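The values are calculated or read from the model by the stated rules, or taken from the named source; none is laboratory data. What you see is a predicted model; the values in this text were computed from it and never measured. Reconstructed Cβ throughout: ideal geometry from the backbone, glycine too, with neighbour counts over all protein chains shown.
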């Protein structure tokens, strides 16, 4: 695994940003390893069978975005955050309705077609959930007012850093509505009213402003890398073992984000498990079910590679028995420094209690790690269940397990480097994934959905 990671997390791969040269170099390296293991290339192309599932992306970079009222202008990343893939055609008039404090469910009952709605939502703590749900509203645009000053400052800092780079989307993805994230000062400016008074008496107050959101849109391609091991008795049933091999590329200051833990560690683990199963098959111990080893790209851009696969599967989703997803397994987080013999297990019981029991038994029998379920709780504010590639399989009703070491100070920084990886612990976690996969691939019945 150290040999694999020494390549994947090297400077020569330039941080493996989706669509860039380093990502494609990493894809070629992984495909070469799959080939050397004797795995089949399962993707049909015009040129024959391939290890690469290529998919088209739209790469979008903001040129400008602003709100205008008379001669006054509020600017993206300074006064608000424009969080959308949709651009305007030059300056467009937008009609805004102030809805006040509303839940998402109440908003869904309102007639918002063709309008922008400004809302003070009471569900701000679960930020990712709010953003996901407002995209489903039948409105031309949403303006989310964040009252908490420290929360708004955090969102401005985090989203400005994320959005000021390029964004990507699958060609098939609809743009959705326009989302603006602002604070009480922005709301007061939009509606010409002190915020306290607006909140108290301004429900259904309207305003007309100009919005301009201009983007550079480019067509690019990225690749998932697939290696297939055909089963001996139930070849039509497929276990999928995944990781993402992309990362966030080169920082503006020229520093390379090597992504050793995120997710070079998971990709090295998938390669090691693929090699183990391949060597077993070569010695006559072939799994009863088929196994698809798949490293995906586009995770850092919004789970794009796994979304593309689950919408365009090489093997039918109804025949996909389980997905085991490995995303960051090479480090120890702050909460486990005194007892590093652990791994976070997320999602095992969401769709199948039987899968959870299989995972527990594999650990109790072979690896005896502490299986930490902290991030599996529905109330966990981090929402990790929704934040890695397994979630696209779960949306298709495929039982999943997500293996994770938690975050650390080097997360998404140039300091996430190979010398900080704990390879003995990484091996133990890889063994847990392997023994769980072995049971899932060889047991008589596929895992039952609850």
Return the pairs, sorted by first residue and then second, in which the second residue is surrounded by fewer than 16 Cβ atoms within 10 Å (Cβ to Cβ) and in a helix (DSSP H, G or I), the first residue lies in the range 194-215 and is assigned by TED's automatic domain parsing to the domain that holds residue 180, the beta carbons are less than 8 Å apart, and the residues are 6+ apart or on different chains. 195/185
Tell me, yes or no, whether the range 175-183 has at least one residue that is at pLDDT below 90 and farther than 25 Å from residue 199 by Cβ. yes
Report, by residue number, each residue of the range 361-372 that is surrounded by 15 or more Cβ atoms within 10 Å (Cβ to Cβ) and either in a loop (DSSP other than H, G, I, E, B) or out of contact with any strand residue (DSSP E or B) (no Cβ under 7 Å at 6 or more places or on another chain) (or both). 362, 366, 367, 369
Kindly evaluate residue 312 against the criterion of being closer than 30 Å to residue 21 by Cβ and touching a helix residue (DSSP H, G or I) at 6+ places or on another chain (Cβ under 8 Å). no
If residue 412 satisfies all but one of (1) surrounded by fewer than 20 Cβ atoms within 10 Å (Cβ to Cβ); (2) closer than 20 Å to residue 341 by Cα, what's the number of the condition it fails? (2)
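Which residue, of 96, 104, 81, 30, is more than 30 Å from residue 119 (Cβ to Cβ) and touching a helix residue (DSSP H, G or I) at 6+ places or on another chain (Cβ under 8 Å)? Break it down stepwise before answering.
Details: 96 fails: more than 30 Å from residue 119 (Cβ to Cβ); 104 fails: more than 30 Å from residue 119 (Cβ to Cβ); 81 fails: more than 30 Å from residue 119 (Cβ to Cβ).
Every option except 30 fails the conditions.
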Would you confirm, using the coordinates I've provided, whether residue 432 is in the same structural domain as residue 304 (by TED's automatic domain parsing), in a loop (DSSP other than H, G, I, E, B), more than 17 Å from the chain's Cα centre (by Cα) and buried (at least 19 other Cβ atoms within 10 Å of the Cβ)? no
Just a yes or no: is a residue in the range 366-373 closer than 30 Å to residue 10 by Cα, under 16 Å from the mean Cα position of the chain (by Cα) and touching a residue at least 60 places away in the same chain (Cβ under 8 Å)? no
Just to be sure before I move on: is residue 273 part of a strand (DSSP E or B) and in contact (Cβ under 8 Å) with a residue 60 or more places away in the chain in the structure I sent? no
Odd one out for residue 62, checked against (1) within 30 Å of residue 231 (Cβ to Cβ); (2) surrounded by fewer than 21 Cβ atoms within 10 Å (Cβ to Cβ): (1)
What's the number of the condition residue 345 fails, among (1) farther than 28 Å from residue 220 by Cβ; (2) in contact (Cβ under 8 Å) with a residue 60 or more places away in the chain; (3) crowded, with 23+ Cβ neighbours inside 10 Å? (2)
Report yes if residue 170 is closer than 30 Å to residue 55 by Cβ, in contact with a strand residue (DSSP E or B) (Cβ under 7 Å, 6 or more places away or on another chain) and at pLDDT 85 or above, otherwise no. yes
Filtering the range 90-108 down to residues that are without any contact (Cβ under 8 Å) to a residue 40 or more places away in the chain and buried (at least 16 other Cβ atoms within 10 Å of the Cβ) yields 102, 104, 107
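Restricting attention to the range 112-130, which residues are touching a strand residue (DSSP E or B) at 6+ places or on another chain (Cβ under 7 Å) and modelled with pLDDT of 65 or more?
Those that are touching a strand residue (DSSP E or B) at 6+ places or on another chain (Cβ under 7 Å) and modelled with pLDDT of 65 or more: 115, 116, 117, 118, 119, 120, 121, 130.
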Consider only pairs whose beta carbons are under 6 Å apart and that are at least six residues apart or on different chains; among these, list those whose first residue lies in the range 409-432 and is within 25 Å of residue 253 (Cα to Cα) and whose second residue is surrounded by fewer than 17 Cβ atoms within 10 Å (Cβ to Cβ). 414/255
Picked from the range 251-268 (must be modelled with pLDDT of 95 or more and surrounded by fewer than 24 Cβ atoms within 10 Å (Cβ to Cβ)), the residue farthest from residue 2 (Cα to Cα) is 254
Among 26, 31, 9, 41, the single one that is buried (at least 20 other Cβ atoms within 10 Å of the Cβ), over 20 Å from the mean Cα position of the chain (by Cα), over 30 Å from residue 140 (Cβ atoms) and at pLDDT 95 or above is 31
